[in-house]
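Notes follow once the structure below has been shown.
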Amino acid sequence: MSIAVAQAPIRTPEASREAVEASYQYPGIPTTCDGAEAVVHVETHISQAAGAYPITSSTTMGGGFNAAVMNGAKNLWGDPLMFFEPESEHSAASICEGFAVAGGRVTNFTSGQGLVLMKEVLYTIAGKRLPVVMNIGARALTSQGLNVHAGHDDVMSVADCGWGMLFARNAQEAGDFCLICRRVAEATFTPFFNIQDGFLTTHTVETVRLPEPEFMKEYVGNPKEKLINLMDPANPMMSGVVQNQDSYMKGKIAQRWYYDRIAPALEDAFDEFARKTGRRYGFVEPYRCEDAEYILVGMGCYMETAKAVVDYLREKKGIAAGCLTVFVFRPFPARHIVEALKNCTAFTVLERMDDPLSTTGNHLTREIKAAFCDAMTGQNGQEKIDRIPRIYHGSAGLGSRDVRPGDLIAAFHNMMIDGPDYFCVGIDHPLALKVTEDPDLRPSGAFSMRGHSVGGFGSVTTNKVIATIAGNVFGKDVQAYPKYGSEKKGLPTTYYLTIADSHINLHSELERVELLVINDPTAILSPLTLKGLVPGGAIFMQSPYSDPAEVWKRIPDFNRRTIRENNIRVYYCDMVRIAREVASEPDLQMRMQGIVLLGAFLRLTPYAREAGMTDEQVYAGVEKALRKYFGKRGDQVVQENLTCVKRGYSEMKEIPRSIIAAE
């Protein structure tokens, strides 16, 4: 089925997959989804209700839960799901409080200003010992400007509310931590935040193993058998009372009895999860730290990029590098962190925020410095140490600013030369570290695609569909994510896709791609569009012309020269015309042009052939993926999208080499 233009070397899948399936009772259901979908999968199975108010980037989580309610879904114990959408996030938190007070298992999905607006209620949820779990798409707070993308200042603003806090790096961890948070919350009567980076994880499609319903039912148990109804008239009690000078402090300090039980409960939850699934988590994850001289510390998705950087520095540069991912921020794992870092020469703490009036560093940095202070004096349960490594700290990725391997390499270099104590990366500023190299750290044999489109063309959804097919039909590891601003529709968007035979650690925009897709015809007018397309790669572009010479002459001279010198092959198709002829509804004509790309992808890549699949088998997988994303609009829309895919496959044309080489 493929003419295999942009081939990726064939690699043997990791043996550990088969081992996981064979060795563990609940290895997970293989699929592709984003972090939001992973959370919805868990919550719609184990919760009884959600109280939420939509706010980017958590909206898709709330929307997914509400869709399940509208479809009449029930949880694993037969309870019909309920969804409450009040007039604000503050009210949504109050709904969660009321539902939990009455003995119900409830969740919430929020982000950014919405989380901050809830803060008043968060204290009372914790004080009443209500085991609510909230799922957060961590987002930068509006400050000098509005930003709807990733930042940790929202979650750090509520770190003092008495809630447990877990940070995921990817979609797999977002779903798994949702389940772990629930178990620990109900074991300790303490609410928990399950946190993932807004857009960068909530909206990034990856290869995931979703927890099986049987495992979830066993792991967290029936809410009706575990939770306490504080409003039961047969067993009355007072809650949320007024406490004056004689009693408030006694009640406040008495709460420590609950908090002292959280760390052991987390250990138990992590251990049981590993025994059943084979996926081992902990308070922290040291990576190649045993003999490391220089270690990078942080939370969230760029800590997977850090693992790829550590491997590169060790294997290519001979530098004893390591990285430490902090999964649990509350309760703060001081002893685990000191144990992992105490023997290195220096470490750097990277954080997705900036608190300039704290002269000792941002939140994670301050906590780590305090932990080492305790360790030096042998206090607070710390084993006494006799030295503290040099400590550096920096800001990275604010508002989803790209964090590249080159940025992390610069952070390691800064430690080696004893550079500034505080710095930032990724921008042009006097405090920013200079990037001297930015290597391609994708897995060996990976295939990547970058697309240039316009919001509303359907390209971002098409990218998700392609990832779904590559993962679910061809059995590959995938990572697909969009880049767009809060404006979205009608303005330029960029989308990225990587396909590999092993887990993709890189969470950054793709600078090197094998296939460049140009849905927006104006993009070919810029010399920057072709940047990063590897020699021998391919372009697939929108063009209303059928004659290849007409298509070629409308490409600017500077891009024609780049194409010729780098032996790039150029394919084209009138995606707009196909969508206009196929779509039965006017509002779908614009959106369907994006799905035409899927036909070109199937023709330009070797995955169907490598999998030994017939056209019928491939299109059956395509239809299943289309039904996942468009099924709610009816079978006719699914079939029209499938027709667009097939026409994209058959109507794509190539500009002959003779025309390209003629000038």
- prompt: Across region 382-398, what is the total count of residues that are more than 11 Å from Val349 (Cα to Cα) and surrounded by 20 or more Cβ atoms within 10 Å (Cβ to Cβ)?
  reply: 2
query: When region 511-560 is examined, which residues are found to be out of contact with any helix residue (DSSP H, G or I) (no Cβ under 6 Å at 6 or more places or on another chain), assigned to a loop (DSSP other than H, G, I, E, B) and polar (S, T, N, Q)?
result: Ser526, Ser546
- prompt: Got at least one residue in region 499-520 being without any contact (Cβ under 8 Å) to a residue 12 or more places away in the chain and on the phi < 0 side of the Ramachandran plot?
  reply: no
- request: Inspect region 338-352 for any residue being surrounded by 24 or more Cβ atoms within 10 Å (Cβ to Cβ), farther than 27 Å from Ser23 by Cβ and acidic (Asp, Glu) and give the result as yes or no.
  value: yes
- prompt: Scanning region 44-86 for residues that are polar (S, T, N, Q) and in contact with a Leu (Cβ under 8 Å, 6 or more places away or on another chain), which turns out farthest from Arg139 (Cα to Cα)?
  reply: Asn75
message: Which residue is nearest to Val39 (Cα to Cα), if the candidates are limited to region 64-118 and must be among the β-branched types (Val, Ile, Thr) and under 26 Å from the mean Cα position of the chain (by Cα)?
response: Thr107
task: Give the residue, chosen from Thr377, Thr359, that is exposed (fewer than 15 other Cβ atoms within 10 Å of the Cβ), modelled with pLDDT under 95 and of a type outside the set (Phe, Trp, Tyr).
output: Thr359
- request: Six or more apart or on different chains, Cβ under 7 Å: which pairs go from a residue in region 178-193 that's of a type in the set (Lys, Arg) to one that's modelled with pLDDT of 95 or more? Could you list them?
  value: Arg182/Ile46; Arg182/Val133; Arg182/Val220; Arg183/Tyr219; Arg183/Val220; Arg183/Ala269
- prompt: In this structure, is Phe193 crowded, with 24+ Cβ neighbours inside 10 Å, farther than 30 Å from Ile469 by Cβ and within 14 Å of the chain's Cα centre (by Cα)?
  reply: no
All positions within region 506-525 that are crowded, with 22+ Cβ neighbours inside 10 Å and within 19 Å of the chain's Cα centre (by Cα): Leu506, His507, Ser508
message: Just checking, does region 186-202 include any residue being outside the structural domain of Ser508 (by TED's automatic domain parsing), under 23 Å from Gly300 (Cα atoms), in a strand (DSSP E or B) and touching a His at 6+ places or on another chain (Cβ under 6 Å)?
response: no
query: Out of all the residues in region 457-503, which are within 19 Å of Lys628 (Cα to Cα), assigned to a loop (DSSP other than H, G, I, E, B) and of a type outside the set (Lys, Arg)?
result: Phe457, Gly458, Val473, Phe474, Gly475
- prompt: Which of the following residues is touching a Pro at 6+ places or on another chain (Cβ under 6 Å) and in the same structural domain as Leu510 (by TED's automatic domain parsing): Phe601, Phe558?
  reply: Phe558
field: In region 217-259, residue nearest to Ala185 (Cα to Cα) [restricted to those that are of a type in the set (Val, Ile, Thr) and surrounded by fewer than 10 Cβ atoms within 10 Å (Cβ to Cβ)]
entry: Ile253
task: Considering every residue within region 483-505, establish whether at least one is of a type in the set (Asp, Glu) and under 26 Å from Leu200 (Cα atoms).
output: yes
field: Selected residue (only one of Leu130, Leu141, Leu146, Leu115 is assigned to a helix (DSSP H, G or I) and either in contact with an Asp or Glu (Cβ under 9 Å, 6 or more places away or on another chain) or closer than 20 Å to Leu200 by Cα (or both))
entry: Leu115
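Quick grid of which residues meet (1) part of a helix (DSSP H, G or I); (2) farther than 15 Å from Thr462 by Cβ:
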{"residue": "Gly612", "(1), (2)": "no, yes"}
{"residue": "Val618", "(1), (2)": "yes, yes"}
{"residue": "Val622", "(1), (2)": "yes, no"}
{"residue": "Ala625", "(1), (2)": "yes, no"}
{"residue": "Lys632", "(1), (2)": "yes, yes"}
{"residue": "Gln636", "(1), (2)": "yes, yes"}
{"residue": "Leu642", "(1), (2)": "yes, no"}
{"residue": "Arg647", "(1), (2)": "yes, no"}
{"residue": "Ser650", "(1), (2)": "yes, yes"}
query: If Asn567 passes every condition in (1) more than 17 Å from Arg657 (Cβ to Cβ); (2) in a loop (DSSP other than H, G, I, E, B); (3) modelled with pLDDT of 95 or more but one, which one does it miss?
result: (1)
message: For the structure I just gave you, tell me whether Arg314 is buried (at least 19 other Cβ atoms within 10 Å of the Cβ), of a type in the set (D, E, K, R), closer than 28 Å to Thr201 by Cβ and in contact with a strand residue (DSSP E or B) (Cβ under 9 Å, 6 or more places away or on another chain).
response: no
statement: Counting only residues that are at pLDDT below 95, hydrophobic (A, V, I, L, M, F, W, C) and surrounded by 24 or more Cβ atoms within 10 Å (Cβ to Cβ), region 443-465 contains a total of 2
- request: Return only the number of the condition from (1) under 27 Å from Arg591 (Cβ atoms); (2) surrounded by 13 or more Cβ atoms within 10 Å (Cβ to Cβ) that Leu528 does not satisfy.
  value: (2)
task: Name the single residue, out of those in region 399-435 being farther than 25 Å from Arg512 by Cβ and of a type in the set (Phe, Trp, Tyr), that is surrounded by the most Cβ atoms within 10 Å (Cβ to Cβ).
output: Phe423
- line: Glu267 meets each of (1) surrounded by fewer than 20 Cβ atoms within 10 Å (Cβ to Cβ); (2) in a helix (DSSP H, G or I); (3) in contact (Cβ under 8 Å) with a residue 24 or more places away in the chain; (4) not basic (Lys, Arg) with one exception, condition (3)
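The values are calculated or read from the model by the stated rules, or taken from the named source; none is laboratory data. Because the structure is a prediction, the values reported are computed rather than measured. No Cβ is skipped: glycine too gets one built from the backbone with ideal geometry, and neighbour counts run over all protein chains shown.
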